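Encoded as structure tokens, the structure appears first; notes follow it.
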Amino acid sequence: MAADWSKKWDHLYPAGISPDPLTDILRKGARDLLAQAVEAEVCDLMAQHAHLRDSAGRQRLVRHGYLPEREVMTGIGPVPVNVPRVRDRGTGAEKIRFTSTLLPPYLRRAKSVEELLPWLYLKGISTGDFGEALAALLGPDAGGLTSSTISRLKAEWWAEYERWNRRDLSAKRYVYFWADGVYFKPRTDADKQCMLVIIGADEWGNKDVLGLVDGYRESSQSWRELLLDLQRRGLRKAPDLAVGDGALGFWNALREVFGETREQRCWVHKTGNVLNAMPKSLQAKAKGHLQDIWMAENKRDAEAAFNFFIEAYGVKYERAVGKLTKDRDVLLTFYDFPAEHWKHIRTSNPIESIFATVRHRTKKTKGCLGRKTALAMTFRLMMSAKKKWRKLDGAFRLPEIIEGVEFKDGIKQEKHAA
């Protein structure tokens, strides 16, 4: 599979030069997608001729290693490829040979390199659009994959997601949760499909995808089922802090399953909600006053900025101020955690940024994703993105949180002997 021929990667970049993270993720994604597509072509060919036998009664068509690795130049640089060999044990003149329609023997450069990655990621996952993806890779005369090959690919992606969704979590300890529900509309569902996503930060500061399921909007029941499933698979210790927007479904479920977890509302979501209830002419100024709250150096100054916002806008824009004050306490929880972590735990944007690609894709294809394809594609995008996630700043503080050390205004409070 892809892992067998994708070990060399550093040689693609000149010494001392590192690609930007997004290009690196997309290039590795293209490599893996090409590997799986070619493997699917081989499996399809083998299945078609599985009934053939040689004179000794053995299966005529067998796998026979790989051709030497070569690179195909694309719009984002060279992508290494390695095409499988197939051996026909028959003795007749009409021997069966495998030639990949996706990677012909002498292909060295994609004919439409500027279109390669947008099509592979924004078009290439849906069955009906796969031919267009190949045309972008090899030119308008390129042959397409058969429907059975495409179905095999999609089944493989789904199986990979299901294995991941059953993994054991008993050895894990997460300090922070980020949770969000992301919407886009699949092809067949009457209601919008909601992806429920939880990302966690463990005791070493590494971010991990804990949960990814589709639910009925953002209901408490859907979130409860996801959190209970995490518990069932071994995640017994509650996170110390959960970060999310104001959707009640998640918070209701969290209090039932992990009741001791503290809550932090996302300031990016909250800012947008408050400003949407104000005239556009005032939004820039009001945004600055909101930033004065969550960018304050200590909780006392944040409370003062909070009171100023209420006094300045409460009379004329009661609805906007109400959206802010109803979550006052849980908007300022982060002051009780290490200052090194504040930029990480004031927002659930780690999830929003990942789903920008998914939203763009569904917009481009006018919502043609099916449920299983949407889940499988989202999973693959998140796993690719995860490889480039940075550790939390101040990771050395995480064991202190686990031990119950108190923090005030982001500063560790030392215990003094009586």
Practice problem: Run down 286, 242 and say which single residue is among the aliphatic types (A, V, I, L, M), buried (at least 16 other Cβ atoms within 10 Å of the Cβ), outside any helix (DSSP H, G or I) and assigned by TED's automatic domain parsing to the domain that holds residue 200. | Solution: 242
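Yes/no per residue for (1) at pLDDT 90 or above; (2) outside any strand (DSSP E or B):
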residue: 149; (1), (2): no, yes
residue: 162; (1), (2): yes, yes
residue: 177; (1), (2): yes, no
residue: 218; (1), (2): no, yes
Quiz item: Can you name the residue in the stretch 179-208 that is of a type in the set (D, E, K, R) and under 18 Å from the mean Cα position of the chain (by Cα) and is also modelled with the lowest pLDDT among such residues?
Solution: 185
Self-check item: Where a residue in the stretch 45-68 is part of a strand (DSSP E or B) and its partner, wherever it lies, is surrounded by fewer than 12 Cβ atoms within 10 Å (Cβ to Cβ) and charged (D, E, K, R), with Cβ under 6 Å and at least six apart
Solution: none
Quiz item: Just checking, which of 294, 251 is touching a Phe, Trp or Tyr at 6+ places or on another chain (Cβ under 7 Å) and crowded, with 16+ Cβ neighbours inside 10 Å?
Solution: 294
Quiz item: Just a yes or no: is a residue in the stretch 272-281 more than 19 Å from residue 245 (Cα to Cα), assigned to a helix (DSSP H, G or I), assigned by TED's automatic domain parsing to the domain that holds residue 196 and basic (Lys, Arg)?
Solution: yes
Quiz item: Are any residues in the stretch 54-64 modelled with pLDDT under 85 and under 16 Å from residue 83 (Cβ atoms), and if so, which ones?
Solution: 64
Exercise. Check 248, 241, 254 and return the single one that is closer than 21 Å to residue 341 by Cα, out of contact with any Cys (no Cβ under 8 Å at 6 or more places or on another chain) and among the aliphatic types (A, V, I, L, M).
Key: 241
Quiz item: Conditions: (1) at pLDDT 85 or above; (2) closer than 24 Å to residue 157 by Cβ. Residue 101 meets all but one. Number of the miss?
Solution: (1)
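Go through the stretch 308-329 and give me each residue that's out of contact with any strand residue (DSSP E or B) (no Cβ under 9 Å at 6 or more places or on another chain), free of Cβ contacts under 8 Å to residues at least 12 places away in the same chain and either within 23 Å of residue 411 (Cβ to Cβ) or surrounded by 14 or more Cβ atoms within 10 Å (Cβ to Cβ) (or both).
314
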Practice problem: Confirm whether residue 214 is assigned by TED's automatic domain parsing to the domain that holds residue 378 and modelled with pLDDT of 95 or more. | Solution: no
Quiz item: Would a scan of the stretch 225-238 turn up a residue that is in a strand (DSSP E or B) and buried (at least 20 other Cβ atoms within 10 Å of the Cβ)?
Solution: no
Quiz prompt | Filtered residue count, the stretch 310-331, keeping only those that are assigned to a helix (DSSP H, G or I) and within 36 Å of the chain's Cα centre (by Cα) | solution = 11
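The values are calculated or read from the model by the stated rules, or taken from the named source; none is laboratory data. All values derive from a computational prediction rather than experimental measurement. Glycine also receives a Cβ, built like all others from the backbone with ideal geometry; neighbour counts cover every protein chain displayed.
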